[in-house]
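The numbers here are math on the coordinates, done by the rules we state, and not lab data. The structure presented is a predicted model; accordingly, all values stated were derived computationally and were not measured.
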Amino acid sequence: MASIGVNMAKKEAAQLTCECERHIGTQSGGMDQAISVMAQSGFAELIDFNPIRATDVQLPAGGTSVIAHSFAESQKAVTAAVNYNNRVVECRLAATVLGIKLGMEPQEAICSVKTLSDVEGLCISFACTRGLSDPVLAVEER
């Protein structure tokens, strides 16, 4: 961006690249774009959304990481309607159904639940009221 005289914060660039991908028809969440723009040498990144932000996570001294490329192409713009976007819709529907099963009014769940993090608090509450130590058990039980 600097080469064309545009100065943009990394968060803004990550958000913009995600929005650009949506213009070609994919329902991308932005993880790839965020890490590509916001990565820091020597750190892993915890990426959060709404708003987009990255938190440096120090890698352990002497640790080893493997970064691999499968060389398998996924042309999201070509196959989005039958592959990538289906997974996005399936995950949104699953989170909405889970919200309803955990006590949300259907209309509220349909209007407000987009990701599993939107019902995370309900999962934790459900687990606590049943003496469960792991909120994932709420998903299994429901």
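Tell me, rounded to the nearest percent, the portion of alpha carbon pairs in segment 9-83 spaced more than 14 Å apart.
Numbers: 1855 of 2775 pairs.
Pairs farther apart than 14 Å: 67 percent.
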Determine which aspartates and glutamates satisfy two conditions relative to K76: a Cα distance under 20 Å, and not lying fewer than 8 residues away in the same chain.
E19, E21, D32, E90
Phi angles of segment 31-43, converted by Karplus (6.51 cos²θ - 1.76 cosθ + 1.60, θ = phi - 60°) into ³J(HN,Hα) in whole Hz with x for Gly and Pro, give 4, 4, 5, 4, 6, 4, 8, 9, 4, 10, 4, x, 10
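Enter the mean projected area of the convex hull around the alpha-carbon atoms of segment 81-141, in nm², rounded to one decimal. Display every interim value, and only then the final one.
Values: hull surface 17.4 nm².
Approximately 4.4 nm², given one-decimal rounding.
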Relative to the longest principal axis of the C-alpha atoms of the chain, give the angle of the C-alpha long axis of helix 10-23, reported between 0 and 90° and rounded to the nearest 10°.
80 degrees
Give the lysines whose C-alpha is closer than 19 Å to that of K114, dropping any in the same chain fewer than 8 places away, or say none.
K101
Applied in sequence order to segment 80-96, the curve 6.51 cos²θ - 1.76 cosθ + 1.60 (Karplus, θ = phi - 60°) yields integer Hz couplings, x standing for Gly and Pro, of 3, 5, 10, 10, 4, 5, 4, 4, 4, 5, 4, 5, 5, 5, 4, 5, 5
Okay, helix-only estimate at 222 nm for the chain: each DSSP H run of n ≥ 4 adds -39500 (n - 2.57), divide by all residues, round to 500 deg cm²/dmol; what do you get?
-13500 deg cm²/dmol
Which shape class applies to the chain: rounded if a/c is under 1.5, otherwise prolate when a/b exceeds b/c and oblate if not, where a ≥ b ≥ c are the square roots of the Cα gyration tensor eigenvalues?
prolate
